Every structure is written in structure tokens, then in C-alpha cells.
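All remarks here apply to the structure that follows.
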């Protein structure tokens with residue numbers, strides 16, 4: 001069974017709700033911009049700042065999150081049901097898939113391969129990938145799904161900021 005359990009207060013207190021399916025608009029469920037802690041059981045979930053899976057986003061893998069840095073920010077939730085096997089992403093230095101490129105199949109600190117803060121576009125050939133603004137999975141996130149081809153990070157306010165990439169992995 002996969003689900004996300006959300007709470008209006010930190011440390012799993014306050015009003016609570018359990019979701020087993022995507023929620024396009026948390027306002028309809030009485031939980032818009034009030035989630036302060038949560039628990040994920042099963043596959044990862046993506047929390048979006050805007051309704052209909054738009055805006056800034058944050059991924060939550062299986063586990064308990066007693067305090068959220070961006071509490072009170074989420075307006076929609078989406079369960080990840082994509083195939084997580086054989087992750088592969090190709091990052092490009094410039095928009096429209098131009099310039100230097102690197103193909104990755106595992107979690108990578110982009111500082112280690114001299115590709116930090118330069119990526120401007122990418123193609124996901126397999127798996128679901130999380131690109132982070134800072135190393136060690138910190139900062140703003142950009143989640144990308146199998147088949148995604150993002151020709152420019154400019155409209156996403158993510159240009160030249162990726163410093164770390166992490167594929168979501170299937171549970172053993």
C-alpha cells in the first residue's frame with residue numbers, strides 16, 4: 001500500500017489527512033498551504049507549490065518528515081508511478097541541448113565532474129531524476145520524469161544552478 005499522510009503542524013500533530021491518489025488541488029481537501037509535516041509509505045511523492053502539479057516542487061521518498069523547510073507551501077500532490085529502473089539523464093551546458101554534455105546513471109555531485117552550476121537543459125532517458133540547487137540534496141529541486149526533454153531551464157528559474165542529481169530508485 002502506498003500513501004502520503006499529511007499534518008497541519010510539525011511533529012505529526014494537528015489536522016491530518018491520508019492520500020492514496022494524486023491530489024490536483026489541496027484546497028478542495030482543506031489542506032492548501034498548511035502541510036507542516038508528513039509521512040510517505042511506499043513510492044515517492046512530489047509536492048507542488050501550485051495546483052495541478054505546477055510551480056516549485058519537492059520530492060519526498062519513503063520516510064517521516066517531522067519538520068518541513070517549506071512548510072505551508074504545497075497546493076497539489078502527485079505519487080510517482082513511473083518505472084525507476086535503469087535511470088539515465090543527459091545534461092547539457094547550454095539551452096536547446098547544446099554545448100558540453102554529460103550522461104549520468106547514478107547520483108552525482110556535479111562539482112566532482114566539473115559540471116556544477118552550468119547545466120541549462122536535459123533529456124531523461126530513464127527513471128525519475130531530482131536536480132538540486134546545492135550539493136548533498138539541498139536547495140531548490142527540479143523533478144524530471146522519463147522522456148522529459150527540457151530545452152531551457154530559464155522559464156523554470158533553474159538555469160545554471162544545478163549542483164547535484166539524484167535518481168529515485170526502486171525499493172528492493
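The values are calculated or read from the model by the stated rules, or taken from the named source; none is laboratory data. Everything numeric in this text was worked out from a predicted model, so none of it was measured. Heads up, the Cβs are rebuilt from the backbone with ideal geometry, glycines too, and the neighbour counts pull from every protein chain shown.
Whenever a residue of segment 92-110 is part of a strand (DSSP E or B), its partners that are surrounded by fewer than 16 Cβ atoms within 10 Å (Cβ to Cβ) and at pLDDT below 95, lying with C-beta atoms within less than 6 angstrom and at least six residues away or across chains, give the pairs 109/135. Here the condition is being at pLDDT 95 or above, assigned to a loop (DSSP other than H, G, I, E, B) and loosely packed, with under 14 Cβ neighbours inside 10 Å; of 86, 32, it holds for 86 alone. The residues of segment 42-59 that are within 20 Å of residue 30 (Cβ to Cβ) and surrounded by 20 or more Cβ atoms within 10 Å (Cβ to Cβ), listed by number, are 45, 47, 48.
With respect to the conditions (1) assigned by TED's automatic domain parsing to the domain that holds residue 158; (2) touching a helix residue (DSSP H, G or I) at 6+ places or on another chain (Cβ under 9 Å), residue 93 falls short on a single one, namely (2). The combined condition, being assigned to a strand (DSSP E or B), within 30 Å of residue 116 (Cβ to Cβ), without any contact (Cβ under 8 Å) to a residue 40 or more places away in the chain and not assigned by TED's automatic domain parsing to the domain that holds residue 155, is fulfilled by residue 47. Check segment 19-27 and report whether any residue there is surrounded by fewer than 13 Cβ atoms within 10 Å (Cβ to Cβ), modelled with pLDDT of 95 or more, out of contact with any helix residue (DSSP H, G or I) (no Cβ under 7 Å at 6 or more places or on another chain) and not in a helix (DSSP H, G or I). Yes: one or more hits.
Of the conditions (1) touching a residue at least 60 places away in the same chain (Cβ under 8 Å); (2) not in a strand (DSSP E or B), residue 142 fails just one. Which one is it? Residue 142 satisfies every listed condition except (2).
Only one of the listed residues (81, 130) is in a strand (DSSP E or B) and either under 17 Å from the mean Cα position of the chain (by Cα) or in contact (Cβ under 8 Å) with a residue 12 or more places away in the chain (or both). That residue is 130.
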